[in-house]
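Every number here is computed from the coordinates shown, using simple stated rules; none is lab data. These numbers come from a predicted model, not from an experiment. Methodologically, a virtual Cβ is constructed for each residue, glycine included, from the backbone with ideal geometry; neighbour enumeration extends over all protein chains shown.
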Amino acid sequence: EAGVVQSPRYKIIEKKQPVAFWCNPISGHNTLYWYRQNLGQGPELLIRYENEEAVDDSQLPKDRFSAERLKGVDSTLKIQPAELGDSAVYLCASSLGDSSYEQYFGPGTRLTVT
Amino acid sequence: GENVEQHPSTLSVQEGDSAVIKCTYSDSASNYFPWYKQELGKRPQLIIDIRSNVGEKKDQRIAVTLNKTAKHFSLHITETQPEDSAVYFCAARASGTYKYIFGTGTRLKVLA
C-alpha cells in the first residue's frame, strides 16, 4: 500500500512570492490533515478535512493561507504571499476517520523563504 | 485550550539502558494517545499507541503506560540501541474528533 505522497519535497522562494504544496493521502482515507512543523517543535495543525469539507481551520492564517480538497482526495495548500516566518516543514497526514485512530504522515515539504 | 506537555526535551542514555519520556494532557475527553518517532529529515512514524480503555501496552522493547486520573502517559524504551536515537513526539486525540494535539518532542540520544 502506498503511503501519503507530498510534493515538492523542498522549495526555496523569495518573500512575497506564492507557493503551493500538494498531498495525495492513502487510498480510502477520508480525513486529511495539514500541519506545520517548525524546527525543534511538534506538528501544529493548520487545517483538517473530512472528505472535501474543511472541519477545522481555526489555526490557518486565512489572510495568506488557503487550502482545498477537491473531490475529497488530493489536497493543495497555498501561501500567498509568503513571509520569512513561513519557513518550516509542511506535513500532510491522513487517517481512515470513523473508528480508526491511526494517522499516517507524508514526508513533508521543507519550505525556505528568503 | 487543549495542550500536551512533554518532558524532557532532551535525553541522553547509554546503550542498553532504559529511556522514559512523559507527557501530560489537559483535555479529559482525550481517549487516544499515539507516539511518533521522527528521524532527522524524515516523516513522523507511529511506533506505538494506547487507547483510554487500556492502562499499558507493550511491543517488544517499547511500552506505553496511561494514567487517566492524572492525565499523563509515558513511553518506555528498554535495552536502548543507537538506532533508537531520534526525536519522539507524543500526541493526544479527543473522543469524537480527529484532532491531534502534539507535544513539543524529546530528542533522545543513545550513546554507544
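State the extension gain, in nm to one decimal, for the chain segment bounded by B:Arg51 and B:Thr97, taking 0.36 nm per residue of separation less the distance between their alpha-carbons. Could you put the intermediate results ahead of the total?
On the way: separation 46, 0.36 × 46 = 16.56 nm, distance 1.41 nm.
Contour length minus Cα-Cα distance gives 15.1 nm.
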* Dipole size in debye (nearest 20) for segment A:1-66 around its Cα centre, Lys and Arg Cβ +1, Asp and Glu Cβ -1? -> 460 debye
* Bin all alpha-carbon pair distances of the protein assembly as shown at 5 Å intervals from 0 and give each bin's fraction as a whole percent. => 1, 7, 15, 18, 18, 16, 12, 8, 4, 1, 0
* Asked: Counting partner chain Cβ atoms within 10 Å of every residue's Cβ in A:63-76, what's the average?
  -> 0
* **Cα centroid separation, segment B:42-105 to segment A:20-97 (Å)** => 23 Å
* Over all directions, what mean area does the Cα convex hull of segment A:23-106 project, stated in square nanometres? -> 5.5 nm²
* Can you list which of the trypsin sites (Lys or Arg not before Pro) found in segment A:1-58 are DSSP loop residues with at most 15 other C-beta atoms within 10 Å? => A:Arg9, A:Lys15, A:Lys16
* Principal axis lengths of segment B:25-67 from Cα atoms, whole Å, largest first? -> 33, 26, 10
* To do: Please identify, among A:Glu68, A:Glu102, A:Glu50, the residue showing maximal mean-square fluctuation in a Gaussian network model of chain A using a 10 angstrom Cα cutoff.
  => A:Glu102
* Structure fact -> Taking Cα pairs closer than 8 Å and at least 6 residues apart, the relative contact order of chain A in percent is 37 percent
* **Test item: Cα-centred dipole of chain B, Lys/Arg +1 and Asp/Glu -1 on Cβ, debye** => 320 debye
* Residues with beta-carbon under 14 Å from that of A:Val73, excluding A:Val73: net charge, scoring Lys, Arg +1 and Asp, Glu -1? -> -3
* **Selected from B:Ala91, B:Ala29, B:His72, residue furthest toward positive end of dipole (segment B:1-99; charges at beta carbon)** => B:Ala29
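Taking 35 Å as R0, compute the FRET efficiency from the Cβ-Cβ separation of B:His7 and A:Lys71 and round it to 0.05. Write down the numbers at each step before the final one.
Values: r = 43 Å, r/R0 = 1.22.
According to the calculation, E is roughly 0.25.
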* Taking +1 at the Cβ of each Lys and Arg and -1 at the Cβ of each Asp and Glu, which of A:Gly108, A:Ala88, A:Ser58 sits farthest along the dipole of the protein assembly as shown towards its positive end, judged by Cα position relative to the Cα centre? -> A:Ala88
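Can you give the alpha-carbon Rg of segment A:62-114 over 2.2 N^0.38 Å, where N counts its residues? If you can, show how the numbers build up before the last one.
Working: Rg = 13.5 Å, N = 53, 2.2 N^0.38 = 9.9 Å.
Against the empirical 2.2 N^0.38 Å value, I get 1.36 for segment A:62-114.
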* Asked: Please state the equivalent ellipsoid semi-axes for segment B:25-105: what are the square roots of 5 times the Cα gyration tensor eigenvalues, largest first, in whole Å?
  -> 22, 15, 10
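Between beta-carbons, use under 10 Å as the cut-off and find the net charge around B:Tyr36, counting Lys and Arg +1, Asp and Glu -1.
Its environment carries a net charge of +1.
In what sequence do B:Val4, B:Val110 fall when counting other Cβ within 10 Å, fewest first?
If I rank by nearby Cβ atoms, fewest first, I get B:Val110, B:Val4.
Where does the charge balance sit around A:Val89 when Lys and Arg score +1, Asp and Glu -1, over other residues with C-beta under 12 Å from its C-beta?
Working: positive: A:Arg9, A:Lys11, A:Arg36, A:Arg110, B:Lys42, B:Arg43; negative: A:Glu44, A:Asp86.
It works out to a net charge of +4.
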